[in-house]
Amino acid sequence: MPSEPVTHEVEESDIQNGMYIGPMGGPPFPSMEGVLPSTYLDPACNGAEASIVSEAWEGAKLIVEAQTTIVSDYDYNLPHKTWLGDGLNASGKPVVEYRSKSIADNFKKLARLYGGGIDDKEIIVWRCTEGLKDEPMCSQQMGAGVLALALSAEYSGRNGHGNRVHDDKEGQLRMASFPVSTAHALLHETWHYRIVSQPRTADYATGVETTYNLARREGTRVAFTNADSYTYDGLAIYLQQTFKSRLPPTTKDHLDTLMGLDGKRPGGKMPSGKRREAVYLNKPGMLGV
Ligand SMILES: [Zn+2]
């Protein structure tokens, strides 16, 4: 059940009678309501595929709201540093400040898009075609300005986060407990849109471990242009707030470090906070590693 979200600037001739006509002609794409703004859906998509997109959108919107709405007593610093590197709010050299500003601007643009804001010349097109079923989660096979996403059968039905870990307080601390969902896939793709990320994100690392390691190894310098770094950052915030867990979900090694189970002093270079002292120091070994 593939689907391809596409963004590009619209030529006037692309929209006729409120329908999108692709550059190669073909049947008109009707507009799709209740998802991202200015969205047009391939008439080849069946009802089930359209539902996947709608459900993915609903899930992604929740993540974006968590990531871009400031809750006063929430420690955003920990997930931000975990996934986007230590240089998130760094100041000093212009290049460092440029990255910090880019991240802040990208969050604003993401919030705007998911809040329904888009320029007149920008549209989003979702296609459903055969042949993408075995594509990786993300592919950029259609050239500049166009992104393809396979919302394959593998991802369908995975909109919901956490039924499996609903009562598992320890599982909730591990990002690996949460399989990649359609919401994750859709949000990941959104981060590639030029109307969201500048510089536009690429895929230097995908998946929990690789994305975490990218932030450790390369820091904000690379992570701020990596789509999954932003995606996991949002997920970590959303999941922690949803489950009211003690920590945002992260990798096993990181969790060990945070909880002082790796032989080092708890905390290390991670940001301090009441939450950590209450949890990490008082309950060693609770993860059963
Ligand atoms: Zn990607």
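The values are calculated or read from the model by the stated rules, or taken from the named source; none is laboratory data. Just so you know, these numbers come straight off a predicted model, no measurement behind them. As a convention, Cβ positions derive from the backbone with ideal geometry for all residues, glycine included, and neighbour counts pool all protein chains shown.
Residue by residue through the stretch 217-251, note down the ones that are among the charged types (D, E, K, R) and touching a residue at least 40 places away in the same chain (Cβ under 8 Å).
Across the stretch 217-251, the qualifying residues are Glu218, Arg221, Asp228, Asp233, Arg246.
Which residues, counting only those in the stretch 74-95, are assigned to a helix (DSSP H, G or I), touching a residue at least 60 places away in the same chain (Cβ under 8 Å) and closer than 22 Å to Arg194 by Cα?
Once the filter is applied, which keeps residues that are assigned to a helix (DSSP H, G or I), touching a residue at least 60 places away in the same chain (Cβ under 8 Å) and closer than 22 Å to Arg194 by Cα, the stretch 74-95 yields His80, Trp83, Leu84.
Just need a number here: residues in the stretch 196-222 that are within 14 Å of the ligand (Cβ to nearest atom) and among the aliphatic types (A, V, I, L, M).
Qualifying residue count for the region: 4.
Name the residues in the stretch 213-227 that are surrounded by 23 or more Cβ atoms within 10 Å (Cβ to Cβ) and not in a loop (DSSP other than H, G, I, E, B), would you?
Residues satisfying the conditions are Ala215, Thr220, Ala223, Asn226, Ala227.
Any residue in the stretch 46-68 that is charged (D, E, K, R) and modelled with pLDDT of 90 or more?
Looking for residues that are charged (D, E, K, R) and modelled with pLDDT of 90 or more, one finds at least one in the stretch 46-68, hence yes.
Please indicate, with yes or no, whether at least one residue in the stretch 96-116 is outside any strand (DSSP E or B), modelled with pLDDT under 90 and in the same structural domain as Tyr193 (by TED's automatic domain parsing).
No, the stretch 96-116 contains no residue that is outside any strand (DSSP E or B), modelled with pLDDT under 90 and in the same structural domain as Tyr193 (by TED's automatic domain parsing).
Within the stretch 173-195, can one find any residue that is part of a loop (DSSP other than H, G, I, E, B), away from the ligand (no atom under 16 Å from the Cβ) and at negative phi?
Yes.
How many residues are buried (at least 16 other Cβ atoms within 10 Å of the Cβ) and assigned to a helix (DSSP H, G or I) when one looks only at the stretch 24-53?
4
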